[in-house]
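Novice: First the structure, which I've put down as structure tokens, then a few questions once you've had a look.
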Amino acid sequence: MQFSRALTLALIAAPAATAFTTCPSSTSINRLSSLSMAESKVFGSDIAEALDRMIEYSPGKADTDFARKYGHLAGAEVKTVGEAFTTFTDVLGTPVNALYKGICTDLVGSLHLIMVNARFQRDPIFSLGLVTVLQLVLKNYPEQDTAARIKSAMIESVGLDEAEIDADAAKLEAWAQGKTTDEIGAALKGEGDSILSEIASPIKGDEYWMYSRFFGIGLIKMMDMAGVEQDMSVAYDVMENWMGGSLGKAHYTACADS
């Protein structure tokens with residue numbers, strides 16, 4: 001209300017000020033502008049050089065913890081999404097069924113953008129999520145031999161090794177068999193010497209750790225194995241506990257993914 005009143009008064013007063021005050025001539029304005037610009041260090045020299053001196057920016061050289069950790073990657077060549085799609089197409093060597101083109105395109109693009117992020121670190125939870133997604137998407141593909149090739153091409157297109165992905169996923173899945181949500185939550189706190197606690201410990205200690213949707217799906221897979229009902233009112237609480245309570249990370253995106 002105060003802002004509106006002030007604005008109204010200003011609008012009312014504006015015509016009065018115009019009517020009863022003498023506006024400076026254009027000559028005066030130009031003279032004042034010229035003087036102020038001449039006195040300014042920015043306008044008195046090359047503006048690009050002045051800005052460079054003021055900003056003193058160099059990629060990856062900022063005085064921050066983030067720059068000290070990832071600054072060495074400044075200027076590194078990064079594979080483009082288009083190149084990832086080209087690799088996928090070349091490795092596959094056969095057309096994708098029309099009904100699956102959209103989802104395959106989305107998966108290649110999503111995987112690529114995750115992989116080229118400097119903060120991303122692959123772990124068995126991510127691998128379990130990726131394998132789970134590909135199994136779900138391709139389980140009803142008309143030609144299962146082509147489905148297997150799509151999986152291989154997709155993983156290879158982003159620079160991952162299919163055998164390593166499958167092995168990591170299988171190892172974590174074998175560990176999670178018969179575990180309760182509390183046991184999984186304890187392992188995510190870094191307790192014990194399981195494969196999951198080995199994954200969790202570095203995540204908890206990395207302030208720049210990056211969450212990905214495939215990591216979240218890996219957690220959802222373990223929820224399913226633990227007998228958690230896949231209902232938002234139930235799964236949301238478990239995800240919040242695992243991500244926020246156990247790992248100490250923001251849980252909102254992971255809960256949305258669940």
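Novice: Report yes if Ser246 is hydroxyl-bearing (Ser, Thr, Tyr), out of contact with any Cys (no Cβ under 8 Å at 6 or more places or on another chain), over 28 Å from Tyr100 (Cβ atoms) and without any contact (Cβ under 8 Å) to a residue 40 or more places away in the chain, otherwise no.
Specialist: Numbers: hydroxyl-bearing (Ser, Thr, Tyr): yes; out of contact with any Cys (no Cβ under 8 Å at 6 or more places or on another chain): yes; over 28 Å from Tyr100 (Cβ atoms): yes; without any contact (Cβ under 8 Å) to a residue 40 or more places away in the chain: no.
Answer is no for this residue.
Novice: I'm told Thr253 meets every condition in (1) more than 19 Å from Leu130 (Cα to Cα); (2) under 24 Å from the mean Cα position of the chain (by Cα) except one. Can you identify the failing condition by its number?
Specialist: Unmet for Thr253, out of (1) more than 19 Å from Leu130 (Cα to Cα); (2) under 24 Å from the mean Cα position of the chain (by Cα): (1).
Table: residues versus (1) under 25 Å from the mean Cα position of the chain (by Cα); (2) closer than 16 Å to Leu130 by Cβ.
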| position | (1), (2) |
| --- | --- |
| Lys171 | no, yes |
| Lys189 | yes, no |
| Ser194 | no, no |
| Ile203 | yes, no |
| Asp206 | yes, no |
| Ser212 | yes, yes |
| Gly218 | yes, yes |
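Novice: Helices (runs of 4 or more DSSP H) wholly in the range 158-258 with at least 3 residues that are out of contact with any His (no Cβ under 9 Å at 6 or more places or on another chain) and under 27 Å from Asp65 (Cβ atoms) - which ones?
Specialist: 195-204, 213-225, 252-257
Novice: Follow-up. Please go through the range 155-200 and give me each residue that is small (Gly, Ala, Ser) and open to solvent by less than 50 Å² (accessible area, probe 1.4 Å), ordered by number.
Specialist: Looking only at the range 155-200, we keep the residues that are small (Gly, Ala, Ser), and these are 157, 159, 163, 167, 169-170, 174, 176, 178, 185-187, 190, 192, 194, 197, 200.
Listed by number, the residues that qualify are Ser157, Ala169, Ala176, Gly185, Ala186, Ala187, Gly190, Ser194, Ser197, Ala200.
Novice: On to the next question. Name every residue in the range 128-156 that is among the hydroxyl-bearing types (Ser, Thr, Tyr) and closer than 15 Å to Val96 by Cα, in order of residue number. Break it down stepwise before answering.
Specialist: Keep residues of the range 128-156 that are among the hydroxyl-bearing types (Ser, Thr, Tyr), which gives 132, 141, 146, 152.
Hits for the range 128-156 are Tyr141, Thr146, Ser152.
Novice: Spot the failing condition for Glu240; the list is (1) open to solvent by 30 Å² or more (accessible area, probe 1.4 Å); (2) of a type in the set (D, E, K, R); (3) within 18 Å of Ile114 (Cα to Cα), and only one is missed.
Specialist: For Glu240, the failing item is (3).
Novice: Which residues, counting only those in the range 125-154, are in contact (Cβ under 8 Å) with a residue 40 or more places away in the chain, open to solvent by less than 20 Å² (accessible area, probe 1.4 Å) and of a type outside the set (Val, Ile, Thr)?
Specialist: Phe126, Ser127, Leu128, Gly129, Leu130, Tyr141, Ala153, Met154
Novice: With respect to Ala84, determine if the residue is more than 20 Å from the chain's Cα centre (by Cα) and not charged (D, E, K, R). Let's see the steps before the verdict.
Specialist: Numbers: more than 20 Å from the chain's Cα centre (by Cα): no; not charged (D, E, K, R): yes.
For Ala84, the condition - more than 20 Å from the chain's Cα centre (by Cα) and not charged (D, E, K, R) - is not met.
Novice: For the range 77-91, how many residues meet the condition of being aliphatic (A, V, I, L, M) and under 15 Å from Leu134 (Cα atoms)? Let's see the steps before the verdict.
Specialist: To start, the set of residues in the range 77-91 that are aliphatic (A, V, I, L, M) comprises 78, 81, 84, 91.
Narrowing the set further to residues that are under 15 Å from Leu134 (Cα atoms) leaves none.
The total comes to 0.
The values are calculated or read from the model by the stated rules, or taken from the named source; none is laboratory data. Just so we're clear, the structure is a prediction, and the values are computed from it rather than from any experiment. Glycine gets a Cβ as well: all are built from the backbone with ideal geometry, and neighbour counts include every protein chain shown. Side chains are part of the model used for accessible areas, which takes the heavy atoms of the whole protein and leaves out ligands, DNA and RNA. Shrake-Rupley method; radii C 1.70, N 1.55, O 1.52, S 1.80 Å.
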